[in-house]
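First the structure, in the form of structure tokens, and then the observations on it.
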Amino acid sequence: MKTEKKLMVIMICLIGMAAFSGCLNSSESKIQGGMVAGELPQFANATLLIRGSAGETSVNADAAGRFSASLPAGRYQLLLQNSKGELIVIRRELLVENNLTLVVTDVDLIPIPRVTSVSVPMIYDNSAIIEWETDIESDGHVEYGTTEVYGMASYADTELKTRHRIQLYDLQPATTYHFRIAASRYSLDSTTSLSRDFAFTTEP
């Protein structure tokens, strides 16, 4: 009888331990992600941004340029934000995988242009000329349409310069068009910045 009781107690303990272990495994399986770390002395005490489809994570590098961040698995960009709030791409792509640490040892250093001024100097019944300037040399194009969803894009001005001029064709008369500028470096999506929305109305 005592032997049966001992066996029963052992079985209950084993079942309890298995259930507890299962709970731990279940909670751990929900945590999917990895680590991004690096030591970049040139960015000592700087604010770094790790940008992905899920949003942005801000990380402060220490006095030696060391930083680290835990992130969900996915693709990210590593950017530097300077004292003026301007962004520079440090690494164009970081692939974070589950249970792995990605160490950043080198950088791309591609500045992201900002649109500083926009104008529409000439408007016709079926076309319009868009001009804009950027703070650094850039290429770019115009996204436009009859709503803020846009839906159309101009040809790209691929020459790196600070002043740009593009003409939009095949517009409808007496129609209001919304547009914004997409400025970039070397037509890279990772260095593209978008201006705010602007609008103009074509002649009747």
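Nothing in this text is a laboratory measurement; each read-out follows from the coordinates by a stated rule. Remember, it's a predicted structure, so these values are computed and weren't measured experimentally. Counting neighbours? That spans all protein chains shown, and the Cβs are built from the backbone with ideal geometry, glycine included.
What does the extension gain come out to for Asn60 and Tyr155, with contour length at 0.36 nm per residue minus their alpha carbon separation?
Details: separation 95, 0.36 × 95 = 34.20 nm, distance 3.94 nm.
Once the chain is fully extended between Asn60 and Tyr155, it gains 30.3 nm.
Expressed as a whole number of Å, what is the distance separating the alpha-carbon centroids of segment 155-196 and segment 63-141?
17
How about segment 59-122: which trypsin sites (Lys or Arg not before Pro) there lie in a loop by DSSP and see at most 10 other Cβ atoms within 10 Å?
Working: sites: Arg66, Arg75, Lys84, Arg91, Arg92, Arg114; in loops: Lys84, Arg114.
Here the sparse-neighbourhood loop sites are Lys84.
For segment 33-111, with only Lys/Arg (+1) and Asp/Glu (-1) charged at the beta-carbon, what is the dipole magnitude about the Cα centre, in debye rounded to 20? All intermediate terms of the calculation are to be shown ahead of the outcome.
Working: 6 positive and 8 negative charges, 25 e Å.
For this selection, approximately 120 debye.
Counting every Cα pair in segment 115-201, what percent are over 23 Å apart? Walk me through the numbers before you get to the answer.
Working: 605 of 3741 pairs.
Distances greater than 23 Å cover 16 percent of the Cα pairs.
Only loop residues by DSSP count here, and only those with at most 14 other Cβ atoms within 10 Å; note down the GluC sites (Glu not before Pro) in segment 102-204 that meet that.
Numbers: sites: Glu131, Glu133, Glu137, Glu143, Glu148, Glu159; in loops: Glu148.
Those satisfying the criteria are Glu148.
About the Cα centre, and with charges only on the beta carbon of Lys, Arg (+1) and Asp, Glu (-1), how big is the dipole of segment 65-204? Nearest 20 debye, please.
Numbers: 12 positive and 19 negative charges, 107 e Å.
The dipole magnitude comes to about 520 debye.
Taking the beta-carbon count within 10 Å as an exposure proxy, list His164, His178 from fewest neighbours to most. Walk me through the numbers on the way to the answer.
Working: His164 21, His178 17.
The most exposed by this proxy come first: His178, His164.
Dipole size in debye (nearest 20) for segment 144-201 around its Cα centre, Lys and Arg Cβ +1, Asp and Glu Cβ -1?
Details: 6 positive and 6 negative charges, 51 e Å.
Here the size comes out at about 240 debye.
Where q = 0.23 Å⁻¹, what log10 of I(q)/I(0) comes from the Debye formula for segment 33-111, counting one point per Cα?
With no solvent term, the Cα-only Debye profile gives -1.08.
Distance from a point 7 Å along Cα→Cβ of Leu109 to each backbone N in segment 52-96: keep the residues under 14 Å and list them by number.
80, 88-91
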